[in-house]
1. Being surrounded by fewer than 18 Cβ atoms within 10 Å (Cβ to Cβ) and closer than 20 Å to A:A407 by Cα is the filter here, so list the residues in the range A:37-62 that pass it.
2. Is it true that some residue in the range A:206-225 is in contact with a Pro (Cβ under 8 Å, 6 or more places away or on another chain) and touching a residue at least 24 places away in the same chain (Cβ under 8 Å)?
3. Need a quick list: strands (runs of 3 or more DSSP E) entirely within the range B:244-333 having at least 1 residues that are among the hydroxyl-bearing types (S, T, Y).
4. So, in the range B:307-332, how many residues would count as being farther than 22 Å from B:E263 by Cα and surrounded by fewer than 18 Cβ atoms within 10 Å (Cβ to Cβ)?
5. Search the range A:373-397 for residues that are within 14 Å of another protein chain (Cβ to nearest Cβ) and pair each with any residue that is among the basic types (K, R) and in a helix (DSSP H, G or I) when their beta-carbon atoms are under 6 Å apart and the residues are at least 6 apart or on different chains.
6. May I ask you to say which residue of A:A402, A:A382 is more than 16 Å from A:T42 (Cβ to Cβ) and in a helix (DSSP H, G or I)?
7. At least 3 residues that are in contact (Cβ under 8 Å) with a residue 40 or more places away in the chain in each: list the helices (runs of 4 or more DSSP H) lying fully within the range A:432-540 that qualify.
Amino acid sequence: MSVATIPTPMTRSPSRLALAGEALAARGGLVLLALALLVFLTVPLAMILVRSVEGRGGEFAGLANFIQYVQSPALVQSTRNTLTFAMMTTLVTVPLAFLFAYAMQRSCVPFKGVWRNIAMIPILAPSLLAAISFIYLFGNQGAFRFMLDWVGLNSIYGMPGMVMAMTFASFPHAAMILMAALALSDARLYEAADSMGTSEYRKFMTITLPGAKYGLVSASMVVFTMAVSEFGVPKVIGGNTNVLAVDIYKQVIGQQNFSMGAVVGLVLLLPAVAAFVIDHIVQRKQQALLTARSVPYQAKPARGRDLALLLLVIVMSALMLLVVGMAAFGSVVKFWPYNLSLTLNHYTYGFEEAGLEHAYRNSLVMAAWCAVIGAAVTFAGAYWLEKTRGANLLRPLIRFQAMLPMAVPGMVLGIGYILFFNAPSNPLNFLYGTMAILVLSTLVHFYSSSHLTAVTALKQIDSEFESVSASLKVPFYKTFWRVTVPVCLPSVLDIGRYYFVNAMTTISAVVFLYSPRTTLASISILQLDEAGAIGSAAAMATLIVVTSAVVTGTLFALESWLIRRTQAWRNTAPR
Amino acid sequence: MSTDQAPVEALRLEGVHKAFGDFVALRSIDLVITPGELVCFLGPSGCGKTTLLRIIAGLERQTRGRILQNGRDVSNAPPAARDYGIVFQSYALFPNLTIAENVAYGLVNRRKSRADITARVQELLTLVGLPDAGRKYPSQMSGGQQQRVALARALATSPSLLLLDEPLSALDAKVRERLRGEIRQLQRRLRVTTIMVTHDQEEALSMADRVVVMNQGGIDQVGSPSDVYERPETPFVADFLGKVNVLKGVALGGGRYRVGTAELLLPAGEHGSGQDVRIYVRPEDRHVEGDVASLPNRLRGRIARIDYLGTFCLAELRCEALGQPMLISYSLNQLHDLKVREGGEVEIALRVDRVRVFADQAGSR
């Protein structure tokens, strides 16, 4: 082989400076993300720990606060109530959601899309909406109050109302998990069972249930955590039944006892973290359940089963619509249930009277910021975490912090924010009472799910894009912009939608952080309810549902338009 | 090579070592690749061949050792500071960019005029036989076409080194065979130094100038395809490439061996008397036609079974003297002409020139 004929390659490497810039961009993005999570998540949470061992004056008090807590019968009773509330909600919601999911995935019930969409409505609503509806229906002036006597209840206020409202609020979350779990099924297993002449009951017990068991655990943990952390529902319909989330609020806002608030926050953190850890372990196991060779199960028509399940989902959907419809109807009648003439007074005069006419606009602004900043930061953060190189010590730290918010109840995050940002010595103190802190706390509160969505989307695209770019000497951020973002745009829109809806409906963290100027629609429901203006409370809740629905619908339409427009290169692969 | 004029080196690996915690992925690899040759890293999955390629690309960092490209030390250089094009098993074509935009991806960054880029893209697409594909998207093309686009993109910036990571393994057998030839032709024409990772021995033997056979993180043998196939230096190489019978025997000294009750005279063997050995005989290393009776190393036995494989067949020979079954290959014509059939008696003679004898080390396969 003659050496002379080999053409000299045109090695035009990028300058050393450009390479250093690229490495800096890769590491810089990660450092910024880690710092942001540290300042806006971990340090505020750590402040709770610090504050819990301090006395009222800030002196070190050891475990005195904890001892005081244990010796306070009211607080211990709250703990018991909280656990009872969470367990009852779980026991009611998960079986119902399982039946619903089973009907959707394993039967030939008609109009599945309709039922599925109705079941998702509670996601668009603040949890308070259900509480208000149940007060309309079964409250002291409720139209159906007499029905309580049939089941031997004196009043809807307290545990019964709390569990009912929470079941409504948590139903879609459980149903989504269970539908996903039941969608993962290998038809081959059922065919093998059929070939051996197995009965329907035995197939259900030996194939369906074991296959869904991780989903059941996961759904239980999610519902349990939601109920444990719930503030709005017990506040509105809890009556004299106190729970921890309400106690924190009372300690901090009512009595200005930050140390005791911190202690209660820590107590609340325990069951939430336990549920999170169990869920995490279970989800890891789930991944090994299906192989690439599995063939998805397709339900075959079975008249009796399909009819029974259809009746069931009709009843469930009717109840869902009744709850939402009750609030909406209540908001447009003069005085439920005595004067049913229609009026828009609750929307106009009612808001003005309470000085809350700006609350809805605030919510829109906050939710829009959360959607835009959240989608950008979360996706870019996940990209930097998954696709860049270097800074390997930082990555596990960021991963852990990204998952942390899922285990932290909003009330706990909120008290952490007060303790940290309200401290006069904190240079970030200027954030306190601004719109910015509401946006920041909401972004952090809902970061985990969004982060997971982004990571999942990123993992679905070819892992070698960045390697190819490097070999072509194109910096990774150019590939991020030219390839990764366009490919993942539907997921980015999803994340924005998720942030928007949650920002519209959330109460827990922001209830500690709003100022009269920045009060939000969701919070104003509480204020209106406390002021006895339940018609206006229902009006505000209805406004939130409608807004969430319109924005969700718009973004869905945008997404499908986008996917259609890019059909040429999306999923048309002949291979 | 012992010429006084040392060949120019395209790539030199010195003691490249890679450990993931306690697991050693690569054991001190030394290798020199000369300009313009096509080298295949061949081995079973987990042998470290892909890790070695990724280290050469700078996508993975070696635990220790040096990498010199065209005499320049790039051991610690990031991927972008090295000079190579790469094609991955998945092709990694950007789905939202057209074929032309994909091929131009690395060119746009180099401050070239739009006309230059368009001309270069067209030149490359023509080179890989897809002159009219520029406006399409990757998902509108077949796997084989995507593979060629990936090749065009990797070659666009005229790198001095082309890295191919299992480039054909995602393709159908027919397409794979055709592309083998095309890549080989293209590589010869451009004289671009190429390293290809593969687990497919046929691919390696048919395409490579030199094959690097890897096993458990180390290099077992480096040589031309005929070197590694006909003169394997380790039992692993003999076993991994092609089919081979492994006969257990004992050395009797002077190139004589006993297998069962048969005695074989194998000039290749230089084992001391009494040494346990394994004798590697490929199914085709036998005489079956002509005057077998006059040859040494004759074996007589019964055909227990014939596996029909198309152009040739593998017959299982039960030879009582050997005490172990042995596979013998027959071409289709031989099968008919010699009237070989299941249950029939045959006599064969071993072709001793390619038979390899290795000392039987306890624990080795």
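1. A:L38, A:V39, A:T42, A:V43, A:A46, A:L49, A:V50
2. Let us first name the residues in the range A:206-225 that are in contact with a Pro (Cβ under 8 Å, 6 or more places away or on another chain), namely A:224-225.
Remaining after also requiring touching a residue at least 24 places away in the same chain (Cβ under 8 Å): A:224-225.
Yes, the conditions are met somewhere in the range A:206-225.
3. Values: elements: B:245-253, B:256-259, B:262-265, B:276-281, B:298-308, B:312-318, B:326-331.
Those strands (runs of 3 or more DSSP E) span B:256-259, B:276-281, B:298-308, B:326-331.
4. 9
5. Matching pairs, first to second residue: A:G390/A:R27; A:A391/A:R27.
6. Details: A:A402 fails: more than 16 Å from A:T42 (Cβ to Cβ).
Result of the check over A:A402, A:A382: A:A382.
7. Values: elements: A:435-445, A:447-460, A:465-471, A:476-479, A:485-505, A:521-530.
Answer list for the range A:432-540: A:435-445, A:447-460, A:485-505, A:521-530.
This table checks each residue for (1) in the same structural domain as B:V16 (by TED's automatic domain parsing); (2) in a helix (DSSP H, G or I); (3) within 17 Å of A:E464 (Cβ to Cβ).
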{"position": "B:A150", "(1), (2), (3)": "yes, yes, yes"}
{"position": "B:L163", "(1), (2), (3)": "yes, no, yes"}
{"position": "B:P167", "(1), (2), (3)": "yes, no, yes"}
{"position": "B:I183", "(1), (2), (3)": "yes, yes, no"}
{"position": "B:Q187", "(1), (2), (3)": "yes, yes, no"}
{"position": "B:I195", "(1), (2), (3)": "yes, no, yes"}
{"position": "B:M214", "(1), (2), (3)": "yes, no, no"}
{"position": "B:Q221", "(1), (2), (3)": "yes, no, no"}
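The values are calculated or read from the model by the stated rules, or taken from the named source; none is laboratory data. It should be emphasised that the depicted structure is a prediction, and the values quoted were computed from it without experimental measurement. Positions of Cβ are generated from backbone atoms using ideal geometry, with glycine treated the same way; all protein chains shown enter the neighbour counts.
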